[in-house]
Amino acid sequence: MEEKLRDNHLLVSASPHLRTKENVPRVMLDVIIALVPAALAAVYFFRWYALRIILVCVIFAPLSEWVSQKIMKRKNTIDDFSAVVTGLLLALTLPPTIPPWIAAIGVIVAIVLGKAIFGGLGWNPFNPALVGRAVLTVSWPLEMTTWIKPITSGLIQAVTTATPLNIIKEKMIEEKLPTYLEMFLGNRAGSLGETSVLLILIGALYLFYRKQITWHVPLSFAGIVVFLSFVLKLDVLFNLFAGGLMLGAFFMATDYVTSPLTRKGQVIFGLGCGLMTMLIRLKGGFPEGVCYSILIMNMLTPAIDKFTVPKKFGAKSRMSTNK
Amino acid sequence: MIRKLRGGIHPLEEKNTKDLPIRQATEPKQVVIPLQQHTGVPCQPLVKIGDQVNVGQKIGDINAFISAPVHSSVSGKVVAIEPRAHPLGPTVLSIVIESDGKNLVDENVRPKGNLDSLTPAQIKDAVREAGIVGLGGAAFPTAVKLFPPEGKKIDTLLLNGAECEPYLTADYRLMVERAEEIIYGMKLLMKALNVQQGIIGIEDNKPQAIKTMITQIKKSDSTDYNLRNQELKKIRVISLKTKYPQGSEKHLIKVMLDREVPSGGLPLDIGVVVNNVGTAFAVYEAVVTGLPLIKRTVTISGDGVKEPGNLEVKIGTLFQEVIDQCGGLNGKVEKVIMGGPLMGLAQYTTEVPIIKGTTGILLLKDSGIIESQPCIRCGRCIDVCPMYLMPTMYALLVEHKKWEETEKYSIVDCIECGCCAYVCPSKIPLVHYIKYGKAELLALKKKI
């Protein structure tokens, strides 16, 4: 018995009729998975301080997205997990002792002013997590620059201290710098995510393996920092491991929406970020330059896109001599 | 010199019909022969309702350079000349012939000669009269390619045995089963073009085809004595790294000869002519038996058909008839595609005829239609574009109706291969935007 297709309603759409299984939620989930090691390290070093900030951010981010989309009468998109990524990233840039209510405000700012008002995912010019962080830094400068030593004993004791970059910037001769190994493994003062270089790299390796990021941005970003440190006779490893460079280079500057479209553009972007980071670290008012350098390069992304249009196949200047 | 294909994708091959030999489809009771089955000017009918026609009889032609005549694929009576559904979308004036089942061959169908006896001009004439068009799907009149304009010197003929789309295996089976005829047809084309170099490009996922073609080249060296020995050695096979869209004409030339067809130009601008292996086979038939293009090998596949296969079908047979011969539908089918899954055309009905450019009929249970998300500027489309373009820009500009700016981003250079939409995580219908943008840009230019 043959079913006649005349009764079967055929669907028509443009080619291609085949696609990869990759979708936006999967991309976002990969980023979340990649950040889990660093998040666990934060909880290990800063215990309850870290956990509560991460929870607040990861809950309030999709919540504010849901509320803002409802108010704006837009389609609800929290199931693409992009808000969760923003929340988690913001949490990792915050100092452990920040009061949770300030963290919550930061997340709301990140989602609403950093993303929703521009039209939602894909339309924001600035990295939303960094927008949140920047607003918090200028609004609560004291809370945003209070650091504690990692909590090593059983008792929860918050001992305020300076970050490695603070020590260098303010020339605190009495303070001891952590060793390279301590900085690499995460046993140092800093924001939740800027501690363990090792775990950030493990997360980044996962993203490379899953083909979610390529070397262009992180290598240019970290590369020029290394290069400039070397040329200016500064401590290369220190500048590489200190502050938010590793987190920034692999997780913030690689944000698709706010970085250039082409690979060439991404290299320029990375170089600019690294240059700006060093400039702020050495000459600027802040001890750390990663956050603002990325925001500044975000601003330049449309221009970079315009100037890095690839040369098409068969373009006149591409023609080699014909045999 | 072999270059790497820059960009492109690796979809699943799904070549589940590759070991199924070509089998003859049953004779159709009625055929619908559209007067346009080629790129170019449509034909005018040469017969009228009630006329008796024979197999291979010319029933449509037009006096225009870029055109190809159409012939009857059965013997019988012309019962209608009217617009009929066509797989490329709108209805096209078609000649409907009721077969008498006798398969009487037209008197004009007789051997035209052979490689020795025919001059290049005679070969070109035979190709033209046989209505041969590119059988890889584009259906460009082959004879036109054999008449390069003044000043364009052709030095190489490339034969396209890549068949890079998933599912399709018609060309593969032709190479495995009819290598002799393909090589002969290739030599005819080389003589017509007066070229010294002929190279066949075959993707490396077809090792058996590569073997049979190489064996046939060696065998034919001794039998085709008119082409002097040094010319025979100029035919060779290149194994191409399997990647979509390696079978794209421009990319075949780039990878095999390291020459880039200039934007807005044609292969003959850089001394090359490319033909599909099926086309070479048709040239052989047109010359050696005298039969014009009235049948072709089609792959019927997909998870929506019970018994996939490679069938040799008469042009004008309706899709539905051929599907029935392959076991019929395998449950509910959402999409019927003419061609491959990446560039093929979805059909709204199966009451459309198989035309010269029908490489395959795919029946898919899942239409693949999915709601799209906003662009996240990931750049994957740019990474995979084999023409080095920025597909995401086209979607953005077309959405905002900025037609002129699509031209600045070279939208006309897009070959609509589908690599971009294939990789897009937001499932944006990029090729659809591009087709729309191209059409609007063209309309805009016509107005100016």
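Scanning segment B:23-56 for residues that are closer than 23 Å to B:A143 by Cα, in a loop (DSSP other than H, G, I, E, B) and more than 23 Å from the chain's Cα centre (by Cα) yields a single hit, B:L46.
Please verify whether segment A:295-311 includes one or more residues that are closer than 19 Å to A:E194 by Cβ, surrounded by 22 or more Cβ atoms within 10 Å (Cβ to Cβ) and of a type in the set (S, T, N, Q). No, because not a single residue in segment A:295-311 is closer than 19 Å to A:E194 by Cβ, surrounded by 22 or more Cβ atoms within 10 Å (Cβ to Cβ) and of a type in the set (S, T, N, Q).
Check segment B:383-406 and report whether any residue there is within 22 Å of B:D303 (Cα to Cα), over 23 Å from the mean Cα position of the chain (by Cα) and of a type in the set (K, R). No, segment B:383-406 has no match at all.
On inspection, A:L40 passes the criterion of being at pLDDT below 95 and assigned to a helix (DSSP H, G or I). What single numbered condition from (1) buried (at least 24 other Cβ atoms within 10 Å of the Cβ); (2) at the interface with chain B (Cβ under 10 Å from one of its Cβ atoms); (3) in contact with an Asp or Glu (Cβ under 6 Å, 6 or more places away or on another chain) fails to hold for A:G243? Only one criterion is unmet by A:G243, namely (2).
Check B:A138, B:A170 and return the single one that is assigned by TED's automatic domain parsing to the domain that holds B:I210 and buried (at least 23 other Cβ atoms within 10 Å of the Cβ).
B:A170
Taken over segment A:10-23, the residue count meeting the criterion of being farther than 21 Å from B:Q320 by Cα and either touching a Ser or Thr at 6+ places or on another chain (Cβ under 8 Å) or facing chain B (nearest Cβ under 7 Å) (or both) is 8. Residue by residue through segment A:264-323, note down the ones that are more than 13 Å from chain B (Cβ to nearest Cβ), small (G, A, S) and out of contact with any Gly (no Cβ under 9 Å at 6 or more places or on another chain). Passing the criteria: A:G272, A:G284, A:G285, A:A303. Given the criterion surrounded by 20 or more Cβ atoms within 10 Å (Cβ to Cβ), farther than 21 Å from B:V31 by Cα, touching a strand residue (DSSP E or B) at 6+ places or on another chain (Cβ under 8 Å) and touching a residue at least 60 places away in the same chain (Cβ under 8 Å), identify the matching residue among B:G316, B:G339, B:G302, B:G357. Selected residue: B:G302, the only one of B:G316, B:G339, B:G302, B:G357 that is surrounded by 20 or more Cβ atoms within 10 Å (Cβ to Cβ), farther than 21 Å from B:V31 by Cα, touching a strand residue (DSSP E or B) at 6+ places or on another chain (Cβ under 8 Å) and touching a residue at least 60 places away in the same chain (Cβ under 8 Å).
State yes or no: is A:A83 within 14 Å of chain B (Cβ to nearest Cβ), in contact (Cβ under 8 Å) with a residue 12 or more places away in the chain, crowded, with 24+ Cβ neighbours inside 10 Å and more than 19 Å from A:E194 (Cα to Cα)? Here the answer is yes, as A:A83 does meet what is asked. Scanning segment A:64-79 for any residue that is surrounded by 21 or more Cβ atoms within 10 Å (Cβ to Cβ) and either within 18 Å of the chain's Cα centre (by Cα) or under 18 Å from A:A34 (Cβ atoms) (or both) turns up nothing. Condition check for B:G331 on (1) facing another protein chain (nearest Cβ under 9 Å); (2) surrounded by 24 or more Cβ atoms within 10 Å (Cβ to Cβ): one failure, at (2).
Being crowded, with 18+ Cβ neighbours inside 10 Å and either in contact with a helix residue (DSSP H, G or I) (Cβ under 9 Å, 6 or more places away or on another chain) or more than 10 Å from chain A (Cβ to nearest Cβ) (or both) is the requirement here; does B:I448 meet it? So B:I448 does not fit the description; no. Mind listing whichever residues of segment A:204-237 are touching a residue at least 60 places away in the same chain (Cβ under 8 Å) and within 18 Å of A:G270 (Cβ to Cβ)? A:A204, A:L207, A:Q212, listed by residue number.
Based on what the data block shows, is A:R26 within 14 Å of chain B (Cβ to nearest Cβ), without any contact (Cβ under 8 Å) to a residue 12 or more places away in the chain and in a helix (DSSP H, G or I)? So A:R26 fits the description; yes. Can you say whether B:E150 is of a type outside the set (A, V, I, L, M, F, W, C), under 30 Å from B:I49 (Cβ atoms) and not in a strand (DSSP E or B), as far as the supplied structure shows? No: the conditions fail for B:E150. If you go through segment B:418-431 and keep only what is more than 7 Å from every other protein chain (Cβ to nearest Cβ) and in contact with a strand residue (DSSP E or B) (Cβ under 7 Å, 6 or more places away or on another chain), you end up with just B:C419.
The values are calculated or read from the model by the stated rules, or taken from the named source; none is laboratory data. What you are looking at is a predicted structure, and each value in this text was computed from that prediction instead of being measured. Don't worry about glycine lacking a Cβ; one is built from the backbone with ideal geometry, like all the others, and counts go over all protein chains shown.
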